Amino acid sequence: MRNLTILGATGSIGTSTLAVVEKNIDAYRVFGLAADTNVDKMLSLSLKWKPRFVAMNNEAAAKTLHLALKAEGSKTQVLAGIEGLSVLASHPDVDCVMAAIVGAAGLLPTMAAVKAGKRVLLANKEALVMSGAFFMNAVHEHGAELIPVDSEHNAIFQCLPPCVQSSLGRCSLEEQGVSSILLTGSGGPFRFTELSALYNVTPSEAISHPNWSMGPKISLDSATMMNKGLEYIEAKWLFNAAPSELDVIIHPQSIVHSMVQYRDGSLLAQMGRPDMCTPIAHALAYPKRIDAGIKPLNFSEISELTFMKPDFKRYPCLKLAIDACAAGQAATTILNAANEVAADAFLTGRIGFMQIAQITESVLQEASFGALTCIEGALEFDFKARILANNWVVRLAP
Ligand code: NAD
Ligand code: MG
């Protein structure tokens, strides 16, 4: 029995993680569940899974949940705030932590799990985008075991040799015979839309992903392909990849989840249905394999697998992210913060779809905060970049 904490338990990845646990109830015990504000969902999860602890980032939500659980006679203890989340992530009885909080908010609780030397199943890509070098150093310093959950990175991990898997971020890909990593992306809902029509798309159109069912922020990031940009940065840190070793390719069917090209001409791909239960099950059980509740792929049902080069005119956010990756951690932190603010402004109807890239680019040009030297610095840069991005939202709002 392994004890599991899920950070971001009420979200899309949290829900899929619990679905995998339900299929493997003899192997995993839900020890801790954490979320932001959704008391109703957390109440029903707590009553069903009977975790030792739950934590709500929002203090008022934690109080309401505490009273509701007490009324039900539940023994689950309720913690609050970032400290509460960190307790769940680092408790000595915890074996595995699913890091599935969305956005920069996931950085500190995920780091708490890393510093406690846990097996960390990393869905929260923004943590690596903000603090790649510091994060990977902490993984090695504290003996944490990092397994990527993001479907592309989990696919790449599966296609790499064991010595890379056991030394993420450190191994030389070249010495392992790898010539490049090919990150695939669906291209989102607007991959075939007229470029001129992109100015008028609505939030509900933008979050209707053609293949994957995900939370709103990552769904929107898939439409702008900022998601692939963040994943490019994530791949750099996880696999110690140079720009010449990383490429992005659009694959509209989302069956090939990513690929690794070797020097001898072999190309290894991981394929499957577009369902996060597969990488979650892989990350939970690695190096074993468990039931993820997923039907096998049926090739006679798949009419074609196609691939195409991304067009930066359609996806300016992808180009901004690739450039920020080359510029360094300060730029990727600023990019991430500006994108989070602009994405929220679009989803709440304050700016247009194409202004997400415009605001992110403007903030990147405007921000000159110096070099990043520590995690606290990343949080400070994140804070300052959000102020600049919010100013742009006010300036551009109709
Ligand atoms: P979601 O919006 O569905 O859920 C987010 C979760 O984070 C919720 O439980 C919410 O309560 C929690 N949360 C938000 N802010 C918080 C805070 N300040 N403190 C504590 N908890 C907080 O998001 P999601 O789609 O599940 O994505 C989660 C993460 O996983 C993101 O980083 C995303 O990029 C990554 N990811 C998601 C998918 C997917 O299929 N959904 C795939 C790959 C990677
Ligand atoms: Mg992904």
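The values are calculated or read from the model by the stated rules, or taken from the named source; none is laboratory data. Since we're looking at a predicted model, the values are computed, not measured. FYI the Cβ positions are ideal-geometry reconstructions off the backbone, even for glycines, and counts take in every protein chain you see. Note: areas computed on protein heavy atoms with side chains; ligands, DNA, RNA excluded. Shrake-Rupley method; radii C 1.70, N 1.55, O 1.52, S 1.80 Å.
A few notes on this one:
- Distance between the 7 Å Cα→Cβ label points at residue 175 and residue 290: 3.3 nm.
- Overall, the accessible surface of the chain at a probe of 1.4 angstrom is composed of carbon and sulfur to the extent of 53 percent.
- Sequence-separation-based contact order of the chain, relative, with Cα cut under 8 Å and 6+ spacing, percent: 15 percent
- Taking amide H positions as modeled 1.01 Å from N, with prolines and chain starts lacking one, the residues under 5 Å from residue 180 and 5 or more places away or on another chain are 261.
- Centroid-to-centroid separation of the range 28-60 and the range 281-310 [C-alpha atoms, Å]: 30 Å
- For the residue pairs 236/313; 23/118; 50/217; 118/313; 23/70, the alpha carbons lie more than 32 Å apart in 118/313.
- Kirkwood estimate for the range 2-148, i.e. one over the average of 1/r between Cα atoms, Å: 14.9 Å
- Spin-label zone in the range 256-298 - amide nitrogen under 11 Å from a point set 7 Å from the Cα of residue 26 along the C-beta vector: none
- Each stretch of four or more DSSP H residues adds -39500 (n - 2.57); spread over every residue of the chain, this sum gives -14500 deg cm²/dmol at 222 nm.
- Note that the range 10-82 carries a Kirkwood radius of 12.3 Å, evaluated over its alpha carbons pair by pair.
- The range 192-206 versus the range 348-398: alpha-carbon centroid distance in Å: 23 Å
- Among 69-78, 232-241, the peptide with the highest mean count of other Cβ atoms within 10 Å heads the list, and the full ranking is 232-241, 69-78.
- Long-range amide H partners of residue 271 with built H, under 5 Å: 257
- Along the axis of the charge dipole computed for the range 2-148 (Cβ charges of +1 for Lys and Arg, -1 for Asp and Glu, origin at the Cα centre), the listed residues 32, 143, 99 are led at the positive end by 32.
- Average accessible surface area per residue within the chain, 1.4 Å rolling probe, Å²: 41 Å²
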